[in-house]
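Here's the structure we're looking at; comments come further down.
The values are calculated or read from the model by the stated rules, or taken from the named source; none is laboratory data. No experiment lies behind these values; they were computed from the predicted model shown. In this analysis, Cβ positions are derived from the backbone assuming ideal geometry, glycine residues included, and neighbour counts consider all displayed protein chains.
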Amino acid sequence: MNDTELSLTREPGADARRPLALTPGEDLRGYLLAHLGRAVLFGMTFSSVLAVLLILLFVILRSFSFLSGYSIVEFLARRDWRPTADSPVFGSLAIIVGSLYVSFAALVFAVPLGILAAVFLSDILSWKARNLIKPMVEILAAIPSVAYGFFAVLVLAPWMQKHLGLTTGTNALNASLILAIMALPTIISVAEDSISAIGRELREASYSCGATRMETVIKVVIPAAHSGIIAAVVLGMMRAIGETMVVWMASGNATQIPQPWWDVSQSIRTMTATIAGEMGEAPEGSEHRGALFALGVLLLILTFGLNIVSEYFLSRAKKATGKA
């Protein structure tokens with residue numbers, strides 16, 4: 001008998017030490033532990049959902065007095081925002097447009113660069129280099145937004161005034177460029193995961209038909225991963241539209257709609273910057289404070305809608321790759 005056979009005769013199998021029939025105490029203990037684990041996990045999940053619902057309820061209740069006494073149509077359709085005037089005016093149209101304007105402008109810069117970077121990481125770069133570079137890209141998301149804001153005000157704004165001849169460096173272009181940099185880690189990471197999840201079979205089938213690498217990437221890989229890429233873009237927009245410090249410091253905070261619309265050198269104002277800049281000065285119980293909470297409701301509704309859209313496309317991406 002050799003050593004292997006001797007060891008097999010001396011050591012029982014992995015399941016040999018477990019009894020075939022549990023005692024009532026062991027059965028009860030296993031039952032309680034299983035249900036306790038489920039209860040703990042359910043409590044953690046439910047508490048996070050409850051916290052979000054309570055925040056939403058709190059913001060809605062604090063804005064209810066304003067929305068019930070002020071015309072909602074006037075609040076959404078007027079451009080003027082003059083909370084400290086003798087006759088206060090709370091028109092949020094320019095602020096809403098400013099938030100969407102700077103977010104879409106950021107996506108114009110971030111989306112092409114993010115998709116190209118995701119394709120480079122997934123299909124061109126070696127696996128070893130990819131595992132080194134991708135975490136470095138994701139670290140950009142950990143940089144505090146106030147650091148980006150200081151860079152925008154102290155470096156980018158003077159550079160724009162000097163080299164581009166702009167009257168002010170704190171404008172929509174400045175804020176959009178910084179927001180694009182902040183949205184890139186999210187877009188690159190989600191898009192790269194979606195592109196990598198397509199698998200080698202689809203790529204090899206394309207190569208076997210005589211397609212080049214560029215043709216495979218453009219005509220096969222990207223269309224196949226379009227749901228995940230769209231989800232990455234939506235998540236990047238959520239990152240941009242919910243940002244506060246950068247737009248507060250770099251956008252100029254002018255309550256206006258750019259005229260003409262394509263002139264990104266003009267200053268704008270966003271919902272997040274308005275709430276952050278004026279909440280500390282608005283007296284408790286005042287109409288001004290209620291208007292700021294109403295802006296918060298609009299922002300929550302907008303981000304909630306974007307979140308639903310991103311979840312829809314992420315679920316489609318998972319189904320396409322067979323991971324649903």
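Annotations for the structure displayed:
- Number of residues in segment 209-228 that are surrounded by 19 or more Cβ atoms within 10 Å (Cβ to Cβ) and not in a helix (DSSP H, G or I) equals 1.
- Of everything in segment 8-46 that is exposed (fewer than 10 other Cβ atoms within 10 Å of the Cβ) and among the hydroxyl-bearing types (Ser, Thr, Tyr), the residue that is modelled with the highest pLDDT is Thr23.
- Residues of segment 266-314 that turn out to be within 30 Å of Ile229 (Cα to Cα), of a type in the set (Gly, Ala, Ser) and without any contact (Cβ under 8 Å) to a residue 12 or more places away in the chain, as a count: 1
- First in segment 59-80 and farther than 25 Å from Ile257 by Cα, second anywhere and assigned to a loop (DSSP other than H, G, I, E, B), Cβ under 9 Å, 6 or more apart: Ser65/Gly285
- Of the helices (runs of 4 or more DSSP H) contained entirely in segment 70-183, those carrying at least 3 residues that are within 25 Å of Gly296 (Cα to Cα) fall at 72-77, 93-119, 145-151.
- Scanning segment 89-131 for residues that are touching a residue at least 24 places away in the same chain (Cβ under 8 Å), touching a Ser or Thr at 6+ places or on another chain (Cβ under 9 Å) and farther than 26 Å from Trp262 by Cβ yields Ala118, Leu121, Ser122, Asp123.
- Selected residue (criterion: surrounded by the most Cβ atoms within 10 Å (Cβ to Cβ)) from residues of segment 132-156 that are closer than 29 Å to Ala172 by Cβ, more than 16 Å from the chain's Cα centre (by Cα) and in contact (Cβ under 8 Å) with a residue 40 or more places away in the chain: Ala152
- Those residues of segment 47-84 which are within 20 Å of Met271 (Cβ to Cβ) and exposed (fewer than 10 other Cβ atoms within 10 Å of the Cβ), in sequence order: Val73, Thr84
- Filtering Leu121, Leu56 for residues that are farther than 30 Å from Tyr207 by Cα and of a type outside the set (Phe, Trp, Tyr) leaves a single hit, Leu56.
- Qualifying residue in segment 93-100 (condition: hydroxyl-bearing (Ser, Thr, Tyr) and loosely packed, with under 15 Cβ neighbours inside 10 Å): no
- Residue within segment 29-47 that is over 19 Å from Ile241 (Cα atoms) and touching a residue at least 40 places away in the same chain (Cβ under 8 Å) present: no
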